[in-house]
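The values are calculated or read from the model by the stated rules, or taken from the named source; none is laboratory data. Everything numeric here is computed off the predicted structure, so don't read it as measured data. Cβ sites come from the backbone with ideal geometry, for glycine too, and all protein chains shown count toward neighbours.
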Amino acid sequence: MNIAGRLAGNFLESKITPLMILALFMLGAMALIMTPREYNPQIVVPAASIIVTKPGASAEEVDNLIVKPLEAIMHSQSGVDHTFGYAANDYGVVTVQFKVGQNQEDSLVKLYNQLMQNMDRMPPGANDPIVKPINVDDVPILTLTLSSANHDERALREVGARLLEHLRNVPGVSFSQLVGGRAPALNVWIDPQRLAAAGLSLDRVDQALRGANVSAPLGNLTQGNRSHPLRLDGFLGNAQEV
């Protein structure tokens, strides 16, 4: 009989074998009870979104002037795993995902420093970048999509805006947002010859439009024991108001 056979025979004939089996069973039960368990374990994957706006720029301009250069800058940083870019009219978003296990605070500090060191590469007219950290708990648990064969993007966005107000009033909802569609907008076309004849500059027109298109709080109106907030709603709504 070989060595394995003799060991197996001794184990089967030994009187302490049941005690060893019982001890192993008890150790396994203790390990099962004492080992921490989570239904949804947290996996640390540091990530952040960089939002850059450039009013008046097309999606193609934003992609070439902002998104692609910003992706290259972020991807060269140590610890970065992936970068995802998105370009739209007037703004672009670059999401930076670091490698699993990286310290979130240190990763965000490195991202911010890398961004500040390359601010000179931002195109003229672009606003300062906004960095928004992404948390694992920020993943949406419900996404609603609206589509219609009879309504355009603007009408669908209006329906989505009304639906969003109802969703925000649902107990337990932490954050909700509206994405897509076409927001109402007014395009103002300037006649350079008439502008010069009136002795005005483009900056004067821009300042006048900004001054007329504002919404600001005016305080509160108190009546008895009730207080009503007042707000100046001065947004331009149509071409006649412009």
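For this structure, a couple of remarks:
- For first residues located in the stretch 172-184 and farther than 14 Å from residue 146 by Cβ and part of a loop (DSSP other than H, G, I, E, B), partners that are among the charged types (D, E, K, R) and at pLDDT below 75 and lie 6+ apart or on another chain with Cβ distances below 8 Å form the pairs 175/138.
- With respect to the conditions (1) surrounded by 11 or more Cβ atoms within 10 Å (Cβ to Cβ); (2) not assigned by TED's automatic domain parsing to the domain that holds residue 97, residue 18 falls short on a single one, namely (1).
- Checked against the criterion of being within 35 Å of the chain's Cα centre (by Cα) and part of a helix (DSSP H, G or I), the stretch 19-38 contains not a single residue that satisfies it.
- Note on the stretch 83-104: residues that are surrounded by fewer than 16 Cβ atoms within 10 Å (Cβ to Cβ) and closer than 17 Å to residue 69 by Cβ amount to 3.
- Total residues in the stretch 71-82, condition touching a helix residue (DSSP H, G or I) at 6+ places or on another chain (Cβ under 8 Å) and surrounded by 14 or more Cβ atoms within 10 Å (Cβ to Cβ): 5
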